[in-house]
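These notes concern the structure reproduced below.
Quick note: the coordinates plus some simple rules give every number you see, no bench work behind them. Just so you know, these numbers come straight off a predicted model, no measurement behind them. Please note: Cβ atoms are built from the backbone with ideal geometry, for glycine as well, and neighbour counts cover all protein chains shown.
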Amino acid sequence: MRTVFSIMTDAVAYGMVLFIISIGLSIMMGLMRVVNLAHGAFAMIGGYLASYALRDLGVHYSVAILLAVIGTIIASIPFELLLYRRIYRKADPLMQVLMTIGITFFIIGIVNFIFGPSLKPIPLPPTLSGPLDIGFRMLPTHRVFVIICGITVALALWLLIEKTNFGIRLRASVDHSGMADALGIRTEIIYAATFALAIGLGAFGGVVGAEILPIEPYYALRYMVTFLVVVSVGGAGSILGALSASLLLGLADTTGKYLAPEFGDFFFYLSVIVIVFLFPHGLFGKAHA
Amino acid sequence: MSVLLEARGVCRSFGGLDVTRDVNFKLVSGDRVALIGPNGAGKTTLVNLITGDIAPSRGQFWMGDDDITGLSIPERVRRGLVRTFQTTRLFANLTVADNVALAIMQRKRISRRIFSSATELPEVKAEWSEILAHLGLDHLAYRKVIELAYGQQRLIELAIGLALHPKVLLLDEPAAGVPHDEAPKILDAINRLPADIAVLMIEHDMDLVFKFARRVLVLAAGRLIFEGSPADVTADHEVRRAYLGSYADARHSA
Amino acid sequence: MSDITMIHAPQKRVPFAQEAAGALTILALGAVGYFLYPDDLAFLTRLIGIAFLVLSLDLVTGYCGVATLGHAAQFGVGAYAAGIACIRGVTDPVALLGVGLVAGTIMGLISGALITRFRGLPQLVLSIAVGQLVAGLANKLSWLTGGSDGLSGIEPGKVFGVFGFDMYSRTGYLFSLAVLVITFVVLQRFVRSPFGLMCRGIKDDDLRAKMIGVSIYPRLVAMYGVAGAVAGIGGALTAISTGVVGLDSVSFERSAEVLVMLVLGGAGHLWGALAGTVIFMIFEHVVAAANPFHWMTMVGLLLILIVVFAPRGLIAPVMSLWTKMTRKGKAA
């Protein structure tokens, strides 16, 4: 029982990290139809910034998160203006793949040039380290924190998309790009705002998830595929899809590693193939004509 | 007269909306039939049903004695059911000759060969040269399709159709978007199609319909409401009301 | 009358002229490498091995329009198969190439059956998953593959019983070059065949292809089989000439890297695939040795520039210049 419970906690926490990082990518792929393989690179920038702020500037954990998110969004602006705009809603995924791989390599090179190529620890504040007594059992506090973050992000996004003016415009742009133009919705601005939101979420997830996905020089490459797979399995543009895919894949991966560690990613990718074959547009995705 | 293509009670609905309702028709050898109808009558849906792009909710299509309803697009093409597209769909980055050659090689079942040079097969070259000459396109043979004018691309659509040796040829608005002075070329090409095949043309341009068709089918709201000679169509009251009225008005005012 | 001069029929005076020109060009370049850089033959041999993988990728991506980030699987399976066969007693190099070819073909057919079922994002993700699955297996089946230590102790016999593999990679290089020339000539013929032309048609417009009666899926799977054979030969060559097979030969990074090489050179051209491999590998050899992160910055920048300014690859301007020159030559 003890093992089952700790596997479950780890799996859910891992799934939540995947969700926080991937949901930004999912929204971007749903709205701008851009296969952004560089999403992890922006999460990595967030991690590097947070590590720098905590260790060299000595700020509090919460301030470091804030600085990392804002800093990453600012760093991403030139990429949006100069590069991403060219490939939004372009039919050829190959060009998107190539450009975003290029961006990933470029970011890895630059970031490691500036901050030095080494593992970047993000030390937790005392309130988040150590175990937490939840009555009948002790849990690592950080895991609980990550799970709460994930749930908060999911709820906040749901409110944003379903209940706000921005959300209405966003959904209109997803479903009928031409119609949105005709209604005077400036898709350009919607795209830019969505891009910033996506990148910010990625950076946030990179920082709070650093205990589970450690920030290291090749982070952007190592998890490049994982985030894309989450979006593809969940269905681009769906919060519920990204959440269920994250938890499902988190569970598959974590249990796989506990029960048959020598198999590595084998079960993870096997389940991906099965799911994509059964649901080519993802569990909760819509086919785009 | 052998029946080449027959629709039996074909229906199709999309999300509860009936787009095609109980359509029945026969195309026989040598037929020259026009399918007309106002916008939104379901002409494109009917073409897609015939070619196998979408499946009917009810009813069947037959070619001769065979029910082809369950066959895929390529299987229907191999039986001689060929279409052209309303907007040109060609192999844009290949040459005109290669576009037609691919159709010929596919028909001759030699498109799986892996070690002979496609552009040099003499029996294929002879055939595409003839087809292109027939359509007055021979001087463009080695140009990429993407570099050509729209009217020329429409003629290549026809060339590919011809190269497949169809038994039934569906022409989906063959003259749409073609400059006025080039339209006769297209009609000319259509008039010189092999006499024994059945041709079903979907067309808006009534001039073209009258010049081409010996029989007209009128589709309105997904249902075939009339079948008869071109002269009968203009005389029929219901058809006028459903369709020609607006056309005639537009013509008078033009 | 003026129209007639517009016809640029590719008139052939000599049959197989194009193939002969291709073979001679590669041989000439190979001779340059052999005589001018005798100390770098091990590297150049690896380069040739990778060139097979890029050519293979060109067949599915350049000629069929399949977006894949898992193509290293074909190469790696060929390499492992040849390596394992060699350790188990099949030491004849030509036979080992055969082993790699067969293994690559089988892997290609399996991959093709999975990957070409869909288009767009599902296709891309399936290609990644298939590649990672193979990488996972290579890691897991360590009793067979050596796992993360790699497969070592591959000691092939002499080529045709005469030329032994030496520590300067002379034999390895010349053997690889010879196999590359043969493969390239065969592929030149293959891509101009009806089958190859039809694949380019499918890439352009698959609905049109269906509407002339082509069943697309079996075609693409078959093409994947051919691509797998080419990649498998490359894998086997690399295993034979380097004596080791590591997990890097099936890695995601390898798959991504060869895609970069292909697009750099120009997808849809066999020469583009070769040019991309040569430029990328030499560049990497020089720069990455100094600092891997500077290397990544530069590759990233280069890739971005290619997508923005030369999406058809570096070979495209060369090709159009060539066409212009030959057209002028004929008019004169």
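Axis angle, to the nearest 10 degrees, between helix A:266-278 and the longest C-alpha principal axis of chain A: 30 degrees.
For the stretch C:16-251, the relative contact order works out to 42 percent when only alpha carbon pairs closer than 8 Å and six or more residues apart are counted.
If you fit an axis through the alpha-carbon atoms of helix A:224-234 and take the longest principal axis of the Cα set of chain A, what angle between them do you get, 0 to 90°, nearest 10? Its long axis makes an angle of about 70 degrees. Close amide-amide hydrogen proximity is noted between B:Met201 and B:Val33, B:Ala34, B:Leu35, B:Leu171, each under 5 Å apart and 5 or more residues distant or on a separate chain (H modeled in the peptide plane; Pro and chain starts excluded). Computed over chain B with a Gaussian network model linking Cα atoms closer than 10 Å, the most mobile of B:Gly52, B:Gly228, B:Gly16 is B:Gly16. On the principal axes of its alpha-carbon atoms, the stretch B:1-64 has extents of 39, 24, 18 Å, going from largest to smallest.
Compute the Rg to Rh ratio over chain C from the alpha carbon atoms, using the Kirkwood formula for Rh, and round to two decimal places.
0.98
Amide H to amide H distances under 5 Å link B:Ser29 with B:Ser2, B:Leu4, where only residues 5 or more positions off or on other chains count and H is placed in the peptide plane.
Report the relative contact order of the stretch C:192-332, percent, no decimals, based on alpha-carbon pairs under 8 angstrom and at least 6 residues apart. The partial results should precede the final answer.
Working: 71 pairs, mean separation 23.3, N = 141.
Relative contact order for the stretch C:192-332 comes out at 16 percent.
Three principal axis extents of the stretch C:258-323 based on alpha-carbon atoms, in descending order, are 40, 21, 18 Å.
Could you tell me which of rounded, prolate or oblate describes the stretch C:79-145, using a ≥ b ≥ c as the square roots of the eigenvalues of the alpha-carbon gyration tensor, with rounded for a/c under 1.5 and, failing that, prolate when a/b is larger than b/c and oblate otherwise? Please list the in-between numbers first.
On the way: a/c = 4.55, a/b = 1.87, b/c = 2.43.
In terms of gyration-tensor shape, oblate.
Sites count as exposed loop sites when they are chymotrypsin sites (Phe, Trp or Tyr not before Pro), lie in a DSSP loop, and have at most 14 other Cβ atoms within 10 angstrom; the longest stretch of chain C without one is C:169-332.
Of all the options C:Thr297, C:Thr145, C:Thr238, the one that moves most in a Gaussian network model of chain C with Cα springs shorter than 10 angstrom is C:Thr297.
Give me the percent of Cα-Cα pairs in the stretch A:2-278 that sit more than 35 Å apart, rounded to a whole number. Show your work: numbers first, answer last.
Values: 5619 of 38226 pairs.
Beyond 35 Å sits 15 percent of the P(r) for the stretch A:2-278.
Can you give me the C-alpha center-to-center distance between the stretch A:105-124 and the stretch B:127-144, rounded to a whole angstrom? The stretch A:105-124 and the stretch B:127-144 have Cα centres spaced 60 Å from each other.
Counting DSSP beta bridges in the protein assembly as shown, what percent are antiparallel, to the nearest 5? Working shown, then result.
Numbers: 25 of 41 bridges.
Around 60 percent of the beta bridges assigned by DSSP in the protein assembly as shown are antiparallel ones.
Using Cβ point charges alone (K and R +1, D and E -1), the dipole size of the stretch B:3-253 about the Cα centre works out to roughly 500 debye. Checking every one of the trypsin sites (Lys or Arg not before Pro) in the stretch B:78-131 against DSSP loop status and a limit of 11 other Cβ atoms within 10 Å picks out B:Arg109. With θ taken as phi - 60° and the Karplus curve 6.51 cos²θ - 1.76 cosθ + 1.60 applied, the whole-hertz 3J(HN,Hα) list for the stretch B:68-76 is 9, 4, x, 7, 6, 4, x, 5, 5 Hz, x standing for glycine and proline.
Given a Förster distance of 22 Å, report the FRET efficiency between B:Arg113 and C:Gln18 from their Cβ-Cβ distance, rounded to the nearest 0.05. Present the calculation step by step, with values, prior to reporting the outcome.
On the way: r = 18 Å, r/R0 = 0.81.
Plugging the Cβ-Cβ distance into 1/(1 + (r/R0)^6) gives 0.80.
Averaging the sequence gap over all C-alpha pairs within less than 8 Å and six or more residues apart, then dividing by the number of residues, gives chain A a relative contact order of 36 percent.
Looking at the stretch C:45-183, I'd like the Rg to Rh ratio, where Rg is from alpha-carbon atoms and Rh is Kirkwood's inverse mean 1/r. Walk me through the intermediate numbers first.
Details: Rg = 16.0 Å, Rh = 16.1 Å.
That ratio is 1.00, to two decimals.
Nearest 10 degrees is fine. How inclined is helix C:292-309 to the longest principal axis of chain C, computing both from alpha carbons? With both axes taken from Cα atoms, the answer is about 20 degrees. What separates the Cα centres of the stretch A:200-247 and the stretch C:262-302 is a distance of 29 Å.
Using the Cα centre of chain C as the reference point, and only Cβ charges (+1 on K/R, -1 on D/E), how large is the resulting charge dipole? Debye, rounded to the nearest 20. Intermediate results must be reported in sequence, preceding the final value.
Details: 22 positive and 16 negative charges, 245 e Å.
Here chain C has a charge dipole of around 1180 debye.
Across C:Ala236, C:Ala178, C:Ala79, mean-square fluctuation computed from a Gaussian network of chain C (C-alpha pairs under 10 Å connected) peaks at C:Ala178.
Along the axis of the charge dipole computed for the stretch C:39-178 (Cβ charges of +1 for Lys and Arg, -1 for Asp and Glu, origin at the Cα centre), the listed residues C:Ser111, C:Thr145, C:Ile50 are led at the positive end by C:Ser111.
Considering just Cα atoms, how many Å³ per residue does the convex hull of the stretch B:3-253 enclose? Walk me through the intermediate numbers first.
Values: hull volume 34.4 nm³, N = 251.
Once divided by residue count, the hull of the stretch B:3-253 is 137 Å³.
Considering only C:Val191, C:Ala236, C:Leu270, the residue lying farthest towards the positive end of the dipole of the stretch C:178-274 is C:Val191, judged by Cα position with unit charges set on Cβ. Going toward the positive end of the dipole of chain A, with +1 on Lys and Arg Cβ and -1 on Asp and Glu Cβ, which of A:Leu25, A:Gly209, A:Ala220 do you reach last? The residue sitting most towards the positive pole is A:Leu25.
Computed from point charges on the beta carbon alone (+1 for Lys and Arg, -1 for Asp and Glu), the dipole magnitude for the protein assembly as shown about its Cα centre is near 660 Debye.
From the square roots a ≥ b ≥ c of the eigenvalues of the alpha-carbon gyration tensor of the stretch C:107-193, which class results: rounded (a/c under 1.5), prolate (a/b over b/c), or oblate?
Values: a/c = 3.44, a/b = 1.31, b/c = 2.62.
Oblate is the answer for the stretch C:107-193, as a/c is 1.5 or above yet b/c matches or exceeds a/b.
Can you tell me the alpha carbon radius of gyration of the stretch A:24-164 divided by the globular rule-of-thumb value 2.2 N^0.38 Å?
Rg over 2.2 N^0.38 Å, computed on Cα atoms: 1.24.
Out of all DSSP beta bridges in the stretch B:3-253, what portion is antiparallel? Express it as a percent rounded to 5. Around 55 percent of the beta bridges assigned by DSSP in the stretch B:3-253 are antiparallel ones. Residues of chain C were split at every exposed loop site, defined as trypsin sites (Lys or Arg not before Pro) in a DSSP loop with at most 13 other C-beta atoms within 10 angstrom, and the longest piece left, sites excluded, is C:159-332. Extent of the protein assembly as shown along its three principal axes (Cα atoms, max minus min coordinate, largest first): 91, 76, 50 Å.
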